[in-house]
Amino acid sequence: MTNRGLYKQLEKLAARLDRIAEFTGRSIAWLTLGMVLITFAVVLLRYGLQTGSIALQESVTYLHAIVFMLGAAYTLKHDGHVRVDIFYQKASPRTRAWTNLLGTLLLLFPTCGFIFVSSLDYVASSWSIQESSRETGGLDGVFLLKTVIPVMAVLLLLQGTSLVLRSALVIAGSKAAMSGGSTMDKES
């Protein structure tokens with residue numbers, strides 16, 4: 001296989017991984033609308049009808065946690081995580097690629113691996129007792145919410161793999177990677 005053929009295969013793999021983050025991010029973004037509507041209902045119930053619902057209040061927290069955790073890979077794909085942009089923004093695409101490659105391999109992957117491994121017992125324990133809210137009238141299914149933790153780690157690992165592939169392609173001089181799905185290599 002030629003370099004060009006290999007570059008094309010790696011670019012296709014990165015694009016497939018990007019689609020996972022894109023689909024997940026766009027899908028869970030709708031949960032923010034749910035959060036707004038439920039928050040409106042909570043306020044209406046509390047101040048308009050002098051009543052409340054712990055389940056409704058907890059559902060906003062659940063939705064926020066889901067959006068935050070499952071949206072992390074989408075945010076990574078769109079280069080939305082916090083970084084020191086003073087240097088990164090003015091760097092060449094190749095320097096950005098090296099920064100992304102090393103940051104992903106040395107920081108993102110170990111952190112996601114740690115989160116994944118350390119959360120498994122936590123989630124399994126929650127599933128074993130079918131954990132629910134500690135509040136009377138709260139939501140059942142805390143064990144389902146906790147399951148999102150290792151899922152987040154896997155989604156970030158997948159998107160990190162795409163970032164590593166795209167970075168390696170840029171470093172290797174692939175023109176296709178220069179115009180790929182990440183904003184890493186686009187001039188500001």
Which of the following values of Cα extents along the principal axes in Å was calculated from the structure shown: (1) 52, 42, 37; (2) 46, 43, 30; (3) 67, 37, 28? (3)
Residue span D121 to R26: 0.36 nm per residue of separation minus Cα-Cα distance leaves a gain in nm of 31.2 nm
Using alpha-carbon coordinates, inclination of helix 54-70 to the longest axis of the chain, degrees: 10
For the chain, build the charge dipole from Cβ charges (+1 Lys, Arg; -1 Asp, Glu) around the Cα centre, then report which of T147, F109, G52 sits farthest towards its positive end. F109
Among Q130, Q50, Q159, which one shows the biggest mean-square fluctuation in a GNM of the chain, springs joining Cα atoms closer than 10 Å? Q50
As I understand it, the value is the acute angle between the Cα axis of helix 142-172 and the longest principal axis of the Cα atoms of the chain; what does it come to in degrees, rounded to 10? 10
Could you give the angle, 0 to 90 degrees to the nearest 10, between helix 3-43's Cα long axis and the longest principal axis of the Cα atoms of the chain? 20
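Please give the length that would be gained between Y88 and L56 if that part of the chain were fully extended, namely 0.36 nm times their separation in residues minus their C-alpha to C-alpha distance (nm, one decimal). Walk me through the numbers before you get to the answer.
On the way: separation 32, 0.36 × 32 = 11.52 nm, distance 4.22 nm.
Full extension from Y88 to L56 adds 7.3 nm.
Find, among the trypsin sites (Lys or Arg not before Pro) in segment 11-113, those assigned to loop by DSSP (not H, G, I, E, B) with at most 13 other beta-carbon atoms within 10 angstrom. Show your work: numbers first, answer last.
Values: sites: K12, R16, R19, R26, R46, K77, R83, K90, R94, R96; in loops: R83, K90.
Sparse-neighbourhood loop trypsin sites (Lys or Arg not before Pro): R83, K90.
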Segment 116-137 scanned against label point 7 Å out from A65 along Cα→C-beta; backbone N under 16 Å for 116, 119-137
Under a cut-off of 18 Å between alpha-carbon atoms, report the aspartates and glutamates in cross-link reach of K77, not counting same-chain residues fewer than 8 places apart. E11, D18, E22, D85, D185, E187
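Rank the residues H81, H64 as a footprinting-exposure proxy: fewest other Cβ atoms within 10 Å of their Cβ go first.
On the way: H81 10, H64 13.
Starting with the residue having the fewest Cβ neighbours, the order is H81, H64.
Coordinate-derived values only; no laboratory data. Since this is a predicted model, take the numbers as computed values, not measurements. Heads up, the Cβs are rebuilt from the backbone with ideal geometry, glycines too, and the neighbour counts pull from every protein chain shown.
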